[in-house]
């Protein structure tokens, strides 16, 4: 199959607020007031969890269909922990981003435990957003004035 | 400084559409029709780029302030390339997520090239969302019925 390229164009409305456009859609990213923002939307690291939740939902349903069980729906609870020091420029041995991301998936299904164990293992291997977190993904930044 | 935990709660509205809540905000994630969705929002991998754009904006302004130059604003163009085979369960040696992410940052500033080179290097090192992509981030999935 051919590679697919996804694109987003964004601009700063303020030092903390960004307007991002993906095809016809607009997303507002901002920081809460306690992180010096104007609280007009989720913040960047919350959007990482939002991306992961959406990808897991697609994978949950796709793999349930492959394993031939009925999935009536899923709830997904996500939490990520980070130390803000590196981001703020305070000398630290901690990394800038999430140290770990914990995800609880609550499926509405009659499938048994063994099936669900197999299900989650396949989801883990094939979820694109998980893959980009778990494994190194090159990010190339260029500046053009 | 104390660690900060960010949380998102999500549920499936359909096999492709997810409603995700971060504090008081709601984000809609869906797939376009050509990827079997109902096209009600950006898709999961587009949200990864949205997260990155918001984080880079914050970092661009924070680091400009540290380097003592005026940044009137930034435009950020992002593109990610992936092969959909692994995600779809087709045997492949390709990874599931983006193979690479390319980001063009267009600053509105009078700063010189040497300053901007230093600026982008610091941004790269300290941006939390970039860090979670470039370096391995553990993701722990658990299933609770």
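The values are calculated or read from the model by the stated rules, or taken from the named source; none is laboratory data. Note that the structure is a prediction, hence the values are computed from the model and not measured. When we count neighbours, we look across all protein chains shown, and the Cβ atoms used for this are built from the backbone with ideal geometry, even at glycine.
Given the criteria without any contact (Cβ under 8 Å) to a residue 40 or more places away in the chain, in contact with a strand residue (DSSP E or B) (Cβ under 7 Å, 6 or more places away or on another chain), more than 7 Å from chain A (Cβ to nearest Cβ) and crowded, with 18+ Cβ neighbours inside 10 Å, does residue B:50 qualify? When the stated conditions are applied, residue B:50 does not pass them. Within the stretch A:126-145, one or more residues are modelled with pLDDT under 95, in contact with a helix residue (DSSP H, G or I) (Cβ under 8 Å, 6 or more places away or on another chain) and not assigned by TED's automatic domain parsing to the domain that holds residue A:55. Condition test on residue A:65, is it surrounded by fewer than 17 Cβ atoms within 10 Å (Cβ to Cβ), at negative phi and part of a helix (DSSP H, G or I)? Criteria met by residue A:65. Screening residue B:132 against (1) within 7 Å of another protein chain (Cβ to nearest Cβ); (2) part of a helix (DSSP H, G or I); (3) surrounded by fewer than 19 Cβ atoms within 10 Å (Cβ to Cβ) leaves a single unmet condition, (3). When restricted to residues that are touching a residue at least 12 places away in the same chain (Cβ under 8 Å) and more than 7 Å from chain A (Cβ to nearest Cβ), the stretch B:33-42 contains 5. Contact map, the stretch B:126-137: first residue free of Cβ contacts under 8 Å to residues at least 60 places away in the same chain, second residue part of a helix (DSSP H, G or I), Cβ cut-off under 7 Å, separation 6 or more or different chains; pairs are B:132/A:48; B:132/A:133; B:136/A:134; B:137/A:133; B:137/A:134.
Okay, residues lined up against (1) within 7 Å of chain B (Cβ to nearest Cβ); (2) closer than 27 Å to residue B:4 by Cβ; (3) touching a helix residue (DSSP H, G or I) at 6+ places or on another chain (Cβ under 7 Å):
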| site | (1), (2), (3) |
| --- | --- |
| A:6 | yes, no, yes |
| A:31 | yes, yes, yes |
| A:69 | no, no, yes |
| A:85 | yes, yes, no |
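Could you go through the stretch B:92-113 and let me know if any residue there is in a helix (DSSP H, G or I) and either in contact with a helix residue (DSSP H, G or I) (Cβ under 6 Å, 6 or more places away or on another chain) or at the interface with chain A (Cβ under 7 Å from one of its Cβ atoms) (or both). Checking the stretch B:92-113: not a single residue is in a helix (DSSP H, G or I) and either in contact with a helix residue (DSSP H, G or I) (Cβ under 6 Å, 6 or more places away or on another chain) or at the interface with chain A (Cβ under 7 Å from one of its Cβ atoms) (or both). Among the residues here, residue A:74 does not qualify as in a strand (DSSP E or B) and within 20 Å of residue B:104 (Cα to Cα). Only one entry in A:103, A:74, A:81, A:45 is within 17 Å of residue B:50 (Cβ to Cβ) and under 17 Å from the mean Cα position of the chain (by Cα), namely A:45.
Residue B:20 fulfils the conditions (1) farther than 20 Å from residue A:10 by Cα; (2) touching a helix residue (DSSP H, G or I) at 6+ places or on another chain (Cβ under 9 Å); (3) in the same structural domain as residue B:110 (by TED's automatic domain parsing) except for a single criterion, (3).
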